[in-house]
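Notes follow the structure.
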Amino acid sequence: MKSKDIIERLTADVERLMKLHEGAMKEVVSLREESNEQKAKIRTLQEQLREAKAETEKASLHAAIAGSVSNKSAARAQVNRLLREVDKCIDMVSNRI
């Protein structure tokens with residue numbers, strides 16, 4: 001094999017690899033954009049889930065406080081949980097002063 005043939009073959013291989021690299025880089029950019037979009041969707045859905053859970057918890061507490069006999073223990077537990085949370089907040093504020 002002549003050195004000219006080797007150089008031509010290497011040049012062709014390098015050009016092919018450069019094209020493959022360029023295509024791969026474009027795909028990386030596209031995948032990063034898609035990933036960022038998916039992350040934004042996940043954050044939105046997580047926020048919606050938190051809001052839905054809070055709304056469900058409020059509705060459950062409201063129903064329990066409204067007088068449903070079966071939910072009185074649930075209402076008591078909810079009120080106790082809220083009181084503990086308030087106590088923790090007061091404790092944290094007191095420790096900072």
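The values are calculated or read from the model by the stated rules, or taken from the named source; none is laboratory data. Owing to the predicted nature of the structure, the values given are computational and were not obtained by experimental measurement. Note: ideal-geometry Cβ built from the backbone for every residue, glycine included; neighbour counts use all protein chains shown. Only protein heavy atoms, including side chains, enter the accessible area calculation; ligands, DNA and RNA are left aside. Shrake-Rupley method; radii C 1.70, N 1.55, O 1.52, S 1.80 Å.
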task: Round to the nearest 10 and give me the degree value, 0 to 90, for the angle of helix 3-65's Cα axis relative to the longest principal axis of the chain.
output: 10
message: Given the DSSP H assignment, sum -39500 (n - 2.57) over each helix run of at least 4 residues in the chain and divide by its residue total; what's the result at 222 nm in deg cm²/dmol, nearest 500?
response: -33500 deg cm²/dmol
task: May I ask for the percentage of alpha-carbon pairs in the chain that lie more than 17 Å from each other?
output: 75
message: Which of ALA59, ALA74, ALA24 ends up with the largest GNM mean-square fluctuation for the chain, with Cα atoms connected below 10 Å?
response: ALA24
statement: the chain, Gaussian network, Cα under 10 Å: of LEU20, LEU45, LEU61, the residue fluctuating most is LEU20
message: Quick check for me: using +1 on Lys/Arg Cβ and -1 on Asp/Glu Cβ, what's the dipole size of the chain about its Cα centre, in debye to the nearest 20?
response: 380
- request: Treat each spin label as a single point 7 Å out from the Cα along the C-beta direction, and report the MET92 to LEU49 distance in nm.
  value: 2.2
message: Give me the net charge for the shell around GLU8: Cβ to Cβ below 12 angstrom, other residues only, Lys and Arg +1, Asp and Glu -1.
response: 0
message: Tell me the carbon and sulfur percent of the accessible area for the stretch 21-82, rounded to whole percent, probe radius 1.4 Å.
response: 57
query: Given 0.36 nm per residue, what is the gain on full extension from ALA66 to ILE42 after removing their alpha carbon distance, in nm?
result: 5.1 nm
Qualifying lysines (Cα of each under 30 Å from Cα of LYS58; at least 8 residues distant if same chain): LYS39, LYS41, LYS72, LYS88
field: Fully extended contour minus Cα-Cα distance, from MET18 to GLU34, at 0.36 nm per residue
entry: 3.3 nm
